[in-house]
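Below: one structure, written as structure tokens.
Nothing in this text is a laboratory measurement; each read-out follows from the coordinates by a stated rule. Bear in mind the structure is a predicted one, so any value in this text is a computation, not a measurement. Here Cβ is always computed from backbone atoms with ideal geometry, including for glycine, and neighbour counts include all displayed protein chains.
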Amino acid sequence: MEDARDQAAEVLSFLYNIIAIPYNVLAGFVVGSIVPVGVMAAIAGGIRLLTGKMPYLTATDIEDERKVCISLMTPEGARDAFARDKEQIGGQIEHMRAEIQAIIEQSRAEASQAAIEETGSGA
């Protein structure tokens with residue numbers, strides 16, 4: 001009787017360990033990606049609460065070197081700076097999208113050409 005209980009406990013332990021794998025992956029994702037974003041939001045909220053100003057990242061290029069600074073701005077100033085930077089970042093993202101699209105089209109053309117050569121030489 002004890003032997004059957006021991007086997008059942010081993011089977012349940014094995015099943016539990018298999019089911020725990022996806023749970024541990026999800027928990028690792030939450031802790032590794034979502035929690036740091038929450039911490040940064042809490043820090044920005046704390047600064048806003050204490051100073052009445054919004055922290056805002058500003059990047060400047062000086063002599064081929066990029067410098068990033070955190071500036072404290074009024075909410076209106078931060079809103080205006082975000083609108084200005086949003087247009088600049090949007091242009092950069094659009095440029096990257098166009099480059100990626102060109103690479104995809106080139107790869108498709110090369111694959112199509114390779115398929116035509118393969119079927120033409122195989123006939």
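Points to keep in mind about this one:
- Note on the chain: GNM, Cα springs under 10 Å; of MET40, MET54, MET96, the largest mean-square fluctuation is that of MET96.
- Selected from LEU26, LEU57, LEU12 as most flexible by GNM, with the chain as the system and alpha-carbon contacts under 10 Å: LEU12
- Which label in [x] 45, 30, 15; [y] 46, 40, 11; [z] 23, 18, 13 gives the computed semi-axes √(5λ) of the Cα gyration tensor in Å: [y]
- Each label point was placed 7 Å from the Cα along the Cα-to-Cβ direction; for ASN17 and LEU57 their separation is 4.2 nm.
- Working note: 222 nm ellipticity from helices only, DSSP H runs with n ≥ 4, each -39,500 (n - 2.57), summed and divided by the residues of the chain, gives -27500 deg cm²/dmol to the nearest 500.
- Candidates VAL37, VAL68, VAL11: whichever shows maximal mean-square fluctuation once the chain is modelled as a Gaussian network with Cα springs under 10 Å: VAL11
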